[in-house]
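Have a look at the structure below before the remarks.
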Amino acid sequence: MKALASSQIVVPKMDQLSCADLGVEEGTIFQVGNLQLHPLFTPGHTSTHHAYLIKSNTQTLLFSGDALLIEACGRTDFQSGDPSALYNSIHQKFFTLEDETLVYPGHDYEGRQITTIGQEKQRNPRLGNNKPEQEFVQIMNDLNLPYPKKIDFAVPGNTQCGQCPDNVPEEYRGPCDIQNVPAAERVDSKQGDQG
Ligand SMILES: [Fe+2]
């Protein structure tokens, strides 16, 4: 995206990625065009996870990343995850928002797209109904989820701002090729399109 569309790479400041263009942190508004995003430091799924709030006069939108999902939450068993930290992030940073806050999670495995804080406070089977922290930690520690098959090269790839690490298996190397196009050729093809 950066090479082809001049996108900027924005990451949590605390990740200290030298390849990124901008670091965000809680307390400092991050502006995209005329949108103002309020970063929230919400560790637990990973130790540097951030979520983003957009506030308008009529509605608050929460982009909850992989912390709070629809009737679920992000896993906490790898990548510096910590169930206690996730519990506290969700309770302190999310469940203190208005019930009407619209929540857009990082992903959903059943094709759903949106929830609300009020709905998750009630219906989330891992966190809803004032479930105590100890019960949540137990649930998360008992999930026994399979080890993600791409994590060993996806995470290093992310921390290199999308540069493919050497350990990407052959069958997954397709997306790596695009960044191997020399910069000069990319510029030429762009000019060609405009012409
Ligand atoms: Fe994630």
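Coordinate-derived values only; no laboratory data. These numbers were taken from a predicted model, which means no experiment stands behind them. Because the Cβ atoms are built from the backbone with ideal geometry, glycine has one as well, and the counts that use them run over all protein chains shown.
Which residues' amide hydrogens lie under 5 Å from the amide hydrogen of Leu17, considering only partners 5 or more residues apart or on another chain, with H built in the peptide plane?
It is none; the list stays empty.
In the chain, which Cys residues have no partner Cys with a Cβ closer than 4.7 Å?
If one checks each Cβ against the other cysteines of the chain, Cys73 turn up with nothing under 4.7 Å.
What number comes out for the charge environment of Gly128, summing +1 per Lys or Arg and -1 per Asp or Glu over other residues with Cβ under 14 Å away? Present the calculation step by step, with values, prior to reporting the outcome.
Numbers: positive: Lys121, Arg123, Arg126, Lys131; negative: Glu71, Asp99, Glu120, Glu133, Glu135.
Once all neighbours under 14 Å are counted, the net charge is -1.
Just to confirm the filter: which GluC sites (Glu not before Pro) across the stretch 1-86 are DSSP coil and have at most 14 other Cβ within 10 angstrom of their Cβ?
On the way: sites: Glu25, Glu26, Glu71; in loops: Glu25, Glu26, Glu71.
Hits after loop and neighbour filter: Glu25.
Find, among the trypsin sites (Lys or Arg not before Pro) in the stretch 105-144, those assigned to loop by DSSP (not H, G, I, E, B) with at most 16 other beta-carbon atoms within 10 angstrom. Show your work: numbers first, answer last.
Details: sites: Arg112, Lys121, Arg123, Arg126; in loops: Arg112, Arg126.
Counting only loop positions with at most 16 other Cβ atoms within 10 Å, the trypsin sites (Lys or Arg not before Pro) in the stretch 105-144 are Arg112.
Tell me the net charge near Tyr172. Cut-off is 15 Å between Cβ atoms, Tyr172 excluded, with +1 for each Lys or Arg and -1 for each Asp or Glu.
Values: positive: Lys149, Lys150, Arg173; negative: Asp152, Asp166, Glu170, Glu171, Asp177.
Its environment carries a net charge of -2.
Restricting to DSSP H runs of at least four residues, report the calculated mean residue ellipticity at 222 nm for the chain, -39500 (n - 2.57) per run over all residues, nearest 500 deg cm²/dmol.
On the way: 7 runs with 52 residues, N = 195.
Estimated from H runs of four or more residues: -7000 deg cm²/dmol.
Near the amide H of Thr101, under 5 Å away, which other amide H atoms are found, from residues 5 or more places off or on another chain, if H is placed in the peptide plane?
Ile117, Gly118
I need the shape label for the stretch 1-81. Rule: rounded when a/c is under 1.5, else prolate if a/b > b/c, else oblate, with a, b, c from the alpha carbon gyration tensor.
oblate
Can you pull a Stokes-Einstein diffusion coefficient for the stretch 7-54 at 10 °C (1.306 mPa s), Rh from Kirkwood over Cα pairs, as a whole number of µm²/s? Spell out each step's value before the answer.
Numbers: Rh = 11.1 Å.
Approximately 143 µm²/s, per Stokes-Einstein.
Based on the Cα coordinates of the stretch 2-145, what is the per residue volume of their convex hull in Å³? Write down the numbers at each step before the final one.
Numbers: hull volume 19.0 nm³, N = 144.
Looking at the stretch 2-145, the number lands at 132 Å³ per residue.
Which residue, chosen from Pro148, Tyr52, Pro165, occupies the Cα position most advanced towards the positive end of the dipole of the chain, where the dipole is computed from +1 (Lys, Arg) and -1 (Asp, Glu) charges on Cβ about the Cα centre?
Tyr52
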